[in-house]
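Read through the structure below, which is laid out as C-alpha cells, and then see the notes.
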C-alpha cells in the first residue's frame with residue numbers, strides 16, 4: 001500500500017511544480033445557489049412576506065441552510081480526500097492553506113472589532129438617552145464572576161488541552177492526542193450549555209436598547225463561532241481516530257487549532273469589556 005510520500009513523489013513525475021491543480025468541481029456553483037435560496041428566504045422571513053410555500057419564508061431559510069451546509073460538507077470531504085488519499089497537499093500547498101486560514105481569521109478579527117466599536121461607542125460616553133451611564137438606567141447586568149467566569153475557565157482549559165493534543169500528535173503520542181482533543185470538545189460543549197443557561201436567565205433581552213443589542217451581538221456571534229469551532233474539532237477528532245493525520249502532515253487539524261485559539265482570545269476581550277467593564 002502506498003504511503004503519502006510515495007504518492008507525492010509519483011505525482012511529481014508528471015508535473016514540474018509542487019502546486020495542486022484543482023479538478024473541476026460542482027460545489028462552488030451549488031453553494032452559490034444555496035446561498036441565494038438562504039438569502040431570499042431570510043429577506044422574505046424578516047419582512048413577513050408570504051413565500052411560494054405559503055409560509056413566512058422559514059421553509060426557504062431551512063432549505064437554504066441545509067443545502068449550504070450539505071454542499072460545504074461535501075466540498076470539504078473532497079478536500080480531505082485530495083490531501084489524505086491522493087497526495088495533492090504538498091508542502092507548498094499546505095503553506096497556502098495555512099495562509100488562507102490566517103487571512104480568514106484576520107477577517108474575523110475585524111468583524112469583532114466592529115462589534116467592540118459599537119460597544120465602546122455607547123459605553124465610554126453614554127448619551128442622554130442612556131441616562132448618562134453604562135449600563136443604562138433600569139438594566140440589571142450579569143455578575144461576571146458567576147457563569148461568565150466559569151465559561152472563561154472552560155475556554156482557557158480547552159485551549160490548554162488542544163495545545164497538549166497538538167504537541168502529542170507532533171511527538172507521535174496518538175493516545176495523548178486523542179484524549180486531549182476529546183477533553184477539548186467536552187469543554188466546548190459545556191461552555192455552549194452554560195451560555196444557553198445564561199441566556200435563559202438573563203434579566204434583559206436584545207430589545208433592551210444599546211446594552212441588550214451590543215451584549216447579544218457580541219456574545220451571540222462568539223457563541224456561533226464556538227459551535228463552528230467545535231464542529232471543526234469534532235471532524236479533526238474523527239480524522240485523528242481514522243489515522244488521517246501524521247506528525248508532519250495535519251494541516252486541517254492545525255487550522256482548527258488556530259481557529260479555536262482565536263475563539264479563546266475573543267472571549268477574553270468579551271469577558272473584560274462586556275461582562276466586567278460593561279457590568
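Since every read-out is calculated from the coordinates, none of them should be taken as a lab result. Computed from a predicted structure; not experimentally measured. Here the Cβ is made from the backbone with ideal geometry for all residues, glycine too, and neighbour counts use every protein chain on show.
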Using all C-alpha to C-alpha distances in the range 118-207, build P(r) with 5 Å bins and read off the rounded percent in each one.
3, 13, 15, 14, 13, 11, 9, 8, 6, 5, 2, 1, 0
Round to the nearest 10 and give me the degree value, 0 to 90, for the angle of helix 174-201's Cα axis relative to the longest principal axis of the chain.
20
Comparing 199, 164, 211, which has the greatest mean-square fluctuation in the GNM of the chain with Cα pairs linked when under 10 Å apart?
199
Identified option (computed Rg and Dmax of the Cα atoms in Å; candidates [x] 22.3, 73; [y] 18.0, 62; [z] 20.3, 65)
[x]
Fluctuation leader among 100, 223, 252 - the chain, Gaussian network, Cα springs under 10 angstrom:
100
Taking only the alpha-carbon atoms of the range 145-252, what semi-axes of the equivalent ellipsoid follow from 5 times the gyration tensor eigenvalues under a square root, in whole Å, largest first?
33, 13, 10
Folded to 0 to 90 degrees: helix 209-241 orientation relative to the chain principal axis, Cα
20
Note on the chain: contact order normalised by length, alpha-carbon pairs under 8 Å, 6 or more apart, percent, works out to 19
Contour excess over end-to-end distance, with Cα ends at residue 80 and residue 66 and 0.36 nm allotted per residue
3.0 nm
Ratio Rg/Rh [Cα only; Rh per Kirkwood] for the range 90-133
1.44
Taking Cα atoms, how many degrees apart are the long axis of helix 58-84 and the longest axis of the chain, rounded to 10 and kept between 0 and 90?
30
GNM top mover of 174, 77, 239 - the chain, alpha-carbon springs below 10 Å
77
Tell me the mean residue ellipticity at 222 nm calculated for the chain from its helices only (DSSP H runs of n ≥ 4, each -39500 (n - 2.57), averaged over every residue, nearest 500).
-24500 deg cm²/dmol
Give the calculated FRET efficiency between residue 175 and residue 248 to the nearest 0.05, with a Förster radius of 30 Å applied to their Cβ-Cβ distance.
0.95
Mind giving me the FRET efficiency for residue 127 and residue 19? R0 is 51 Å, r the Cβ-Cβ distance, nearest 0.05 is fine.
0.40
Roughly what percent of Cα-Cα pairs across the range 191-249 reach past 13 Å?
70
